[in-house]
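Visitor: Following this message is one structure expressed as structure tokens.
Coordinate-derived values only; no laboratory data. As the structure is a computational prediction, the values presented were derived from the model and not from experiment. Glycine gets a Cβ as well: all are built from the backbone with ideal geometry, and neighbour counts include every protein chain shown.
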Amino acid sequence: MCGIVGYIGKQKAASILLDGLQRLEYRGYDSAGLAVLSGEKFSHLRRTGRVKNLAQAAREHSLFGGTGIGHTRWATHGEVTEANTHPHVSSDEKFALVHNGVIENYLGIRKFLEGKGYEFFSSTDSEALVNLIAYHYAKEQNGTDRFFESVRKSLLHVEGTYGLGVLCLDEPGEIIGARKGSPLIVGLGDGESLLASDVAAFAHHTQNVVYLNDSEIVRLKAGGFSISTISQEDVEAVVQRVDWQVEESTLGDFSHYMEKEIFEQPTALENAMRGRLDEVNGTAKFGGLNLTASEFRQVDRILFCACGTAWHACLVAEYLIERFARIPVEVEYASEFRYRNAPLDKDTLVFVISQSGETIDTLAALREARRKGFRTLAITNVVGSTIARETDGGIYQYAGAEIGVASTKAFTSQILISAMVALYFGRLRDLSYQDGIVLIQALKNLPDQIRTILSEADHIQKIARKYADAEGFLFLGRQVMFPIALEGALKLKEISYIHAEGYPAAEMKHGPIALISETCPSLLFVNNDEMYHKTLSNLQEVRARKGRVIAVTTLDANFPKDLANDIITIPSAHEAVQPILASIPVQLLSYYIAKERNCDVDKPRNLAKSVTVE
Ligand code: F6R
């Protein structure tokens, strides 16, 4: 949530900041602003709405200067107004600050400072911090480290989370950054340094980066940097090289990133499987689990934690691991687990799933599990993300950058990796070599089967047109299709703003059936499995109430044509990969419905891609 970018160097800061903000816009798009140090004052520009509004305003102003900070906001404290937009400037006009996170004790700080004559112009928590820095600076009076010390001392008083960048008029050659709970990364170029919440902001300038850890503070100059902890311990910074393909973040011929990412799924899945299928032993292999086979054999129970779409991937993982490895699995919302103090058996393995690797609740769940001494593993897409760095072991998704706010390729790649984990655990226990080989073959067939579904996109778009005026939607599935029903409903509601609910098909009659009408259609997953006839009965219950029905059905189910208003046929496959295949048509359907309703598909209202506040 919220994107921060900072630049110090020989180039014009404003254009680099604007470019960085555009690349970070997925983190929040309520408003955007920048502050550049030019001579005696800040050039300070803020606009509500998208970064393009700020860029337009910047063209009408001369923004000189090689030191600056920028911010794209996802509103927490205070409405979406220009006054609440970052950067915030202290009331003595000496400091500008961009902040991502929440200052929980801001009201107390603000009251204290108001008593000292500081003025406030916004409803944000961040403005309290910039004025606290000004207060410490005024108190500090002398000293070579006056700016740095004022930021550091202020942070000692702050409760909450932050990733921040600060400018001081008296120190034009320096930006101070700090992190606690919100990501912050330093980029090191040739005679220039950058600061951002995500490498995407500056990876085309430099791929030499330093990831800040919690409670670290960085002093950034054009020619270098130094890092310490807020409590003044030295930190040995490690400069890493990130592998970043610039073309990953361009739209190409697609209308939206979401569309592009749906179509990238065959490749994303190939990347997730590459080098991980062991056909000699009929199992899967992973490089970074950091546990031996005998340690894995001692695992009695697995707990999965995640948020949103990743939580749905965990539900699929539960089915697959219990089915193929016979290990009991539980799934918890990370936000609940972190505060629940759940009793866990000593041989529990805690697994988190997070595309961004930065979701604050998932990170907190991971930390809570580690604090209690449990082994932790993570499935993440973003290399070098906080979760990837803090987990005991993990599996990278290699799905490529996911820019669209609604997760698509990351979701299917999380399920695929879960299937490989189920295979690996299964082969350590009772799954036969032959069954392992059958599953491996099914996994290998997946990319082409997805290509087959994608080639039906026009058919799905035609169906979407018929349902774009729906007032509500039910997604119904049984067994492993239930999490896909949840995911289908989430996808549709977040990008088209049609209220949708996902339910186990049989559970529908215990309440949601009341919603069924001509304006509330249902999508049912009908596979050729042991639930086939029972699912058809559920479908009939919908039709009996004049509900329109879309059936997503496997080729081998021979679905009776007159039983649904619309039918989407997908290839038949091994039960472990069927949920992946079933996800593709619902992603496409949601996408086309949202497009038909002229919704801002890649940046749905009120949302942000990376949720780094509680
Ligand atoms: C929905 C969506 C979100 C994320 C959730 C967790 O399409 O993308 O529900 O899945 O915010 O994000 P990560 O996976 O980054 O932890």
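Visitor: Does a label point 7 Å from the Cα of S123, set along Cα-to-beta-carbon, have any residues of region 41-57 with amide nitrogen under 18 Å, and which are they?
Guide: 47-49
Visitor: Let me ask you something else. Report the antiparallel proportion of the DSSP beta bridges in the chain as a percent, rounded to a multiple of 5. Working shown, then result.
Guide: Working: 63 of 103 bridges.
Looking only at bridges with both residues in the chain, the antiparallel portion is about 60 percent.
Visitor: How much length is gained on full extension from T144 to R370, taking 0.36 nm per residue of separation minus their Cα-Cα distance? Walk me through the intermediate numbers first.
Guide: Details: separation 226, 0.36 × 226 = 81.36 nm, distance 4.02 nm.
Using 0.36 nm per residue and subtracting the Cα-Cα distance, I get 77.3 nm.
Visitor: How far is the Cα center of region 263-298 from the Cα center of region 478-547, in Å?
Guide: Spelled out, the Cα-based centre of one part sits 33 Å from the other.
Visitor: Shifting gears a bit: Would you work out which of G66, Y137, A419 lies farthest towards the positive end of the dipole of the chain, given +1 charges on the beta-carbon of Lys and Arg and -1 on that of Asp and Glu, about the Cα centre?
Guide: Most positive-ward Cα: A419.
Visitor: Within region 514-614, what is the number of lysine pairs with alpha carbons under 23 Å apart, leaving out pairs fewer than eight places apart on the same chain?
Guide: Working: K534/K546; K534/K561; K546/K561; K595/K603; K595/K609.
Total qualifying Lys-Lys pairs in region 514-614 comes to 5.
Visitor: Once each part is reduced to its C-alpha centroid, what is the distance from region 57-88 to region 593-614 in angstrom?
Guide: Value for the Cα centre distance between the two parts: 21 Å.
Visitor: Where both residues lie in region 252-453, what percent of DSSP beta bridges are antiparallel, nearest 5? Don't jump to the answer; show the numbers that get you there.
Guide: Numbers: 2 of 22 bridges.
Once the DSSP bridges in region 252-453 are tallied, antiparallel ones form about 10 percent.
Visitor: Pop the C-beta distance of R340 and E104 into the FRET formula with R0 = 25 Å and round what comes out to the nearest 0.05. Kindly include the intermediate steps, with their values, before the conclusion.
Guide: On the way: r = 21 Å, r/R0 = 0.83.
Computed FRET efficiency for R340 and E104 comes out at 0.75.
Visitor: I need the GluC sites (Glu not before Pro) found in region 268-362, filtered to DSSP loop residues with at most 14 other beta carbons within 10 Å of theirs. Before the final figure, lay out each step's value.
Guide: Working: sites: E270, E279, E295, E318, E322, E330, E332, E336, E358; in loops: E279, E358.
In loop regions of region 268-362 (DSSP not H, G, I, E or B), the sparsely surrounded GluC sites (Glu not before Pro) are E279.
Visitor: Once label points are set 7 Å from the Cα along Cα→Cβ at both Q207 and R389, what is their separation, rounded to one decimal in nm?
Guide: That separation, rounded to one decimal, is 1.9 nm.
Visitor: Q587: net charge of surrounding residues, Cβ under 14 Å, Lys/Arg +1, Asp/Glu -1, itself excluded? The partial results should precede the final answer.
Guide: Working: positive: K260, K409, K491, K493, K595; negative: E259, E261, E264, E402, E456, E487, E494, D602.
Local charge sum for Q587: -3.
Visitor: Estimate the FRET efficiency between H61 and E471 by the formula 1/(1 + (r/R0)^6), using the beta-carbon distance for r and 51 Å for R0, to the nearest 0.05. Please report the intermediate quantities before stating the final value.
Guide: On the way: r = 45 Å, r/R0 = 0.89.
Calculated transfer efficiency: 0.65.
Visitor: Describe numerically, in nm with one decimal, the distance between label points set 7 Å from Cα along Cα→Cβ at R326 and at E530.
Guide: 1.5 nm
Visitor: What's the extension gain from R543 to S432 if we count 0.36 nm per residue and subtract their Cα-Cα distance?
Guide: Numbers: separation 111, 0.36 × 111 = 39.96 nm, distance 4.26 nm.
Between R543 and S432, full extension yields 35.7 nm more.
Visitor: So, one more: Grab the beta carbon distance between S231 and A83, set R0 = 51 Å, and tell me the FRET efficiency rounded to 0.05.
Guide: Numbers: r = 34 Å, r/R0 = 0.66.
For R0 = 51 Å, the calculated efficiency reads 0.90.
Visitor: Longer than 20 Å from Cα to Cα, which of K260/K285; K12/K153; K285/K444 are they? Say none if no pair is. The partial results should precede the final answer.
Guide: Values: K260/K285 29 Å; K12/K153 31 Å; K285/K444 15 Å.
Pairs exceeding the cut-off: K260/K285; K12/K153.
Visitor: Just going by the charge dipole of region 224-332, with Lys and Arg at +1 and Asp and Glu at -1 on Cβ, which of I327, N271, L315 is farthest out on the positive end?
Guide: I327
Visitor: Using Cα-Cα distances under 8 Å and only pairs 6 or more residues apart, what relative contact order does the chain have, in percent?
Guide: Numbers: 1399 pairs, mean separation 73.2, N = 614.
Worked out over the chain, it gives 12 percent.
Visitor: Suppose every K and R has +1 on its Cβ and every D and E has -1 on its Cβ; what is the size of the dipole of the chain about the Cα centre, in Debye to the nearest 20?
Guide: 400 debye
Visitor: Loop only per DSSP, at most 15 neighbouring Cβ atoms within 10 Å: give me the trypsin sites (Lys or Arg not before Pro) in region 117-178, ordered by residue number.
Guide: Working: sites: K139, R146, R152, K153; in loops: none.
Those that pass, being in a loop and sparsely packed, number zero.
Visitor: Just tell me, in residue order, which DSSP H segments of the chain are both 24 angstrom or longer along the helix axis (alpha-carbon based) and at least 1.0 in mean Kyte-Doolittle hydropathy. Working shown, then result.
Guide: Numbers: long enough: 308-325 (25 Å, 0.60); 409-428 (29 Å, 1.08); 433-454 (32 Å, 0.26); 578-596 (28 Å, 0.57).
Once both thresholds are applied, what remains is 409-428.
Visitor: Largest first and in whole Å, give the semi-axes of region 3-241's equivalent ellipsoid, each being the square root of 5 times a Cα gyration tensor eigenvalue.
Guide: Numbers: eigenvalues 105, 92, 57 Å².
That gives 23, 21, 17 Å for the three semi-axes.
Visitor: Measuring from label point to label point, each 7 Å out along Cα→Cβ, what is the D347 to Q240 span in nm?
Guide: Result: 3.3 nm between the two label points.
Visitor: Restrict the search to region 306-399; then list the trypsin sites (Lys or Arg not before Pro) that DSSP places in a loop and that have at most 14 other Cβ atoms within 10 Å of their Cβ. List each step's numbers first, then the result.
Guide: Details: sites: R323, R326, R338, R340, K346, R367, R370, R371, K372, R375, R389; in loops: R326, K346, K372.
Answer by residue number: R326, K346, K372.
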